[in-house]
Amino acid sequence: MSLSRLSAANVVLEHAPDLAEKVRLGTLGLDAAYAEAGHRKARTAAVINQHNDLRQHAPDLAEQVTEDTLTLDAATATLHQRLEDERLRQLVKESDAIRLADGDTTPALTQLAKRGDITWDQAAQRAEDHRTHRHKTILRAQQALQLIAENWAAVHDLAVRPDAPYTQEILDGLTPQARALARNLIQSLPDRTRGA
């Protein structure tokens, strides 16, 4: 018998001893028994991993499984739900911290969820919506500032001759908001730029 066949037989003996007798009697091939033993070994490893996760993250659930008051699958599902709830709470807290730092004065999502005004799922969705909106707003502001930077020479040109008909004609063709902005920019430049 080759070493690989001996190794396969050992795996069968260790993880599927009920099949070892069938192999010995010739009613089941070693390869089929080895494949089934491999599946059992993988399932056993998965169960051990689930127990380890429970012991590490939720000892109370691990104890209930040990006492047979809760199935392993139910305990694992409860643990996953707890971890997801904690992830949502953390996401909401981080969003609240960013909103507060940005000067947002609306009620914190964490407080709304703790009071029961909204669920944590709703708070997390609002936090995600805020994050998306904030990101888009930042991108728009960056693009606007980039355009200003690319066209800053025009502001300098107007600042050199703020009272010239050329400048007035340009300003008159703008919307009131753009005109007010242009005047503020022209006035904010140092006197030497404006030719004073």
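The values are calculated or read from the model by the stated rules, or taken from the named source; none is laboratory data. Keep in mind the model is a prediction, meaning the values are calculated, not measured. Cβ placement follows ideal geometry from the backbone for every residue including glycine, while neighbour counts extend to all protein chains displayed. Surface areas here come from the heavy atoms of the whole protein model, side chains and all, with no ligands, DNA or RNA. Shrake-Rupley method; radii C 1.70, N 1.55, O 1.52, S 1.80 Å.
Results, tabulated for the structure shown:
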quantity	calculated
Flag for TRP120 being of a type in the set (Phe, Trp, Tyr) and in contact (Cβ under 8 Å) with a residue 24 or more places away in the chain	yes
Flag if THR66 is more than 28 Å from ARG126 (Cβ to Cβ), open to solvent by 50 Å² or more (accessible area, probe 1.4 Å) and modelled with pLDDT of 90 or more	yes
Selection within segment 147-167 - open to solvent by 90 Å² or more (accessible area, probe 1.4 Å) and assigned to a helix (DSSP H, G or I)	LEU147, GLU150, PRO165, TYR166
Some residue of segment 46-55 being touching a helix residue (DSSP H, G or I) at 6+ places or on another chain (Cβ under 9 Å) and under 30 Å from ARG131 (Cβ atoms)	yes
Residues (in contact with a Leu (Cβ under 9 Å, 6 or more places away or on another chain), within 30 Å of ILE48 (Cα to Cα) and of a type outside the set (S, T, N, Q)) located in segment 76-119	LEU79, ARG82
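The rows are residues; the columns are (1) β-branched (Val, Ile, Thr); (2) surrounded by fewer than 17 Cβ atoms within 10 Å (Cβ to Cβ); (3) under 31 Å from the mean Cα position of the chain (by Cα).
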site	(1), (2), (3)
ASN10	no, yes, no
ALA16	no, no, no
HIS39	no, yes, no
HIS57	no, yes, yes
ALA75	no, no, yes
